[in-house]
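Presented below is the structure to which this report refers.
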Amino acid sequence: MPKIKKKQHSSSSGSDSGPDDRNQPASKKAKESVAPAAPAKKPASGGGGDGEATTWTLERMRQVRINEFRGRKMVDIREFYEKNGETLPGKKGICLSILQWKKLLEHADEITKAVEN
(Lines give C-alpha, C1' and ligand atoms only; values in the text may rest on other atoms or scores of the structure.)
Protein backbone atom coordinates (compact mmCIF):
# COMPACT_ATOMS: atom_id res chain seq x y z
CA MET A 1 0.00 0.00 0.00
CA PRO A 2 1.34 3.45 -0.82
CA LYS A 3 2.07 5.76 2.02
CA ILE A 4 0.05 8.94 2.11
CA LYS A 5 1.80 12.08 3.20
CA LYS A 6 -0.21 14.57 5.17
CA LYS A 7 0.35 18.22 4.47
CA GLN A 8 1.38 20.27 7.43
CA HIS A 9 -0.45 23.53 7.78
CA SER A 10 1.50 25.96 9.85
CA SER A 11 1.23 29.66 9.91
CA SER A 12 3.74 31.74 11.75
CA SER A 13 2.24 35.04 10.70
CA GLY A 14 -1.25 36.40 10.32
CA SER A 15 -0.44 38.12 7.03
CA ASP A 16 -1.94 36.91 3.83
CA SER A 17 1.07 37.76 1.68
CA GLY A 18 1.53 34.26 0.26
CA PRO A 19 4.25 31.62 0.39
CA ASP A 20 7.10 34.06 -0.35
CA ASP A 21 7.75 34.73 3.33
CA ARG A 22 7.25 31.18 4.64
CA ASN A 23 9.32 27.98 4.44
CA GLN A 24 12.17 29.32 2.34
CA PRO A 25 14.11 26.49 0.64
CA ALA A 26 17.63 25.93 1.85
CA SER A 27 20.15 27.72 -0.28
CA LYS A 28 22.31 25.53 -2.46
CA LYS A 29 25.98 25.50 -1.68
CA ALA A 30 28.21 26.77 -4.44
CA LYS A 31 30.44 24.16 -6.01
CA GLU A 32 33.99 24.35 -4.78
CA SER A 33 36.19 25.88 -7.40
CA VAL A 34 38.84 23.63 -8.85
CA ALA A 35 42.35 24.93 -8.56
CA PRO A 36 43.94 25.69 -11.93
CA ALA A 37 46.07 22.89 -13.29
CA ALA A 38 49.80 23.12 -12.89
CA PRO A 39 51.76 23.45 -16.12
CA ALA A 40 52.75 20.10 -17.58
CA LYS A 41 56.16 18.97 -16.48
CA LYS A 42 58.19 15.90 -17.22
CA PRO A 43 59.14 14.32 -13.91
CA ALA A 44 62.75 13.28 -13.50
CA SER A 45 62.06 10.63 -10.87
CA GLY A 46 58.47 9.79 -11.82
CA GLY A 47 57.08 10.91 -8.48
CA GLY A 48 56.12 14.21 -6.99
CA GLY A 49 56.73 14.84 -3.35
CA ASP A 50 56.65 18.62 -3.52
CA GLY A 51 52.87 18.98 -3.31
CA GLU A 52 52.39 19.75 -7.01
CA ALA A 53 50.61 17.36 -9.31
CA THR A 54 53.05 15.35 -11.40
CA THR A 55 51.85 15.43 -15.01
CA TRP A 56 52.47 13.49 -18.21
CA THR A 57 50.86 14.63 -21.46
CA LEU A 58 49.45 11.83 -23.63
CA GLU A 59 48.30 14.11 -26.46
CA ARG A 60 47.29 17.76 -26.51
CA MET A 61 44.74 18.07 -23.72
CA ARG A 62 44.84 14.48 -22.41
CA GLN A 63 47.01 14.08 -19.37
CA VAL A 64 47.95 11.62 -16.65
CA ARG A 65 48.43 13.15 -13.22
CA ILE A 66 49.26 11.91 -9.78
CA ASN A 67 46.92 13.69 -7.36
CA GLU A 68 46.09 13.35 -3.71
CA PHE A 69 42.42 13.05 -2.74
CA ARG A 70 41.38 12.74 0.91
CA GLY A 71 44.92 11.80 1.83
CA ARG A 72 45.20 9.04 -0.80
CA LYS A 73 47.33 9.14 -3.94
CA MET A 74 45.38 8.66 -7.16
CA VAL A 75 46.32 8.25 -10.83
CA ASP A 76 44.07 10.60 -12.79
CA ILE A 77 43.78 10.05 -16.57
CA ARG A 78 41.71 12.94 -17.84
CA GLU A 79 40.83 15.23 -20.70
CA PHE A 80 41.42 18.90 -19.94
CA TYR A 81 40.05 22.09 -21.49
CA GLU A 82 41.04 25.73 -21.56
CA LYS A 83 38.86 28.49 -20.15
CA ASN A 84 39.98 32.10 -19.77
CA GLY A 85 43.59 31.06 -20.34
CA GLU A 86 43.51 28.39 -17.63
CA THR A 87 43.75 24.63 -18.14
CA LEU A 88 40.98 22.91 -16.19
CA PRO A 89 40.07 19.23 -15.69
CA GLY A 90 37.07 18.03 -17.69
CA LYS A 91 34.41 15.44 -16.95
CA LYS A 92 35.87 12.84 -19.28
CA GLY A 93 38.38 10.76 -17.41
CA ILE A 94 39.03 8.23 -14.70
CA CYS A 95 40.74 8.43 -11.36
CA LEU A 96 42.35 5.16 -10.22
CA SER A 97 43.54 4.24 -6.76
CA ILE A 98 47.10 2.94 -6.54
CA LEU A 99 45.74 -0.60 -6.16
CA GLN A 100 43.61 -0.24 -9.31
CA TRP A 101 46.55 1.29 -11.19
CA LYS A 102 48.81 -1.65 -10.25
CA LYS A 103 46.10 -4.10 -11.32
CA LEU A 104 45.82 -2.32 -14.68
CA LEU A 105 49.59 -2.55 -15.14
CA GLU A 106 49.47 -6.29 -14.39
CA HIS A 107 47.08 -6.71 -17.34
CA ALA A 108 48.88 -4.25 -19.64
CA ASP A 109 50.60 -6.94 -21.77
CA GLU A 110 47.33 -8.86 -22.26
CA ILE A 111 45.48 -5.67 -23.16
CA THR A 112 48.19 -4.68 -25.66
CA LYS A 113 48.01 -8.11 -27.34
CA ALA A 114 44.21 -7.88 -27.55
CA VAL A 115 44.37 -4.39 -29.09
CA GLU A 116 46.99 -5.47 -31.67
CA ASN A 117 44.99 -8.51 -32.82
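The values are calculated or read from the model by the stated rules, or taken from the named source; none is laboratory data. Model, not experiment: these values are computed from the prediction. All Cβ positions, glycine included, derive from the backbone under ideal geometry; neighbour counts span all protein chains shown. In case anyone asks, the SASA skips ligands and DNA or RNA and just uses the protein heavy atoms, side chains included. Shrake-Rupley method; radii C 1.70, N 1.55, O 1.52, S 1.80 Å.
Taken across region 82-100, residues that are hydroxyl-bearing (Ser, Thr, Tyr) and open to solvent by 80 Å² or more (accessible area, probe 1.4 Å) do not occur at all. All conditions but one from (1) surrounded by 11 or more Cβ atoms within 10 Å (Cβ to Cβ); (2) touching a Cys at 6+ places or on another chain (Cβ under 9 Å) apply to PHE69; the one that does not is (1).
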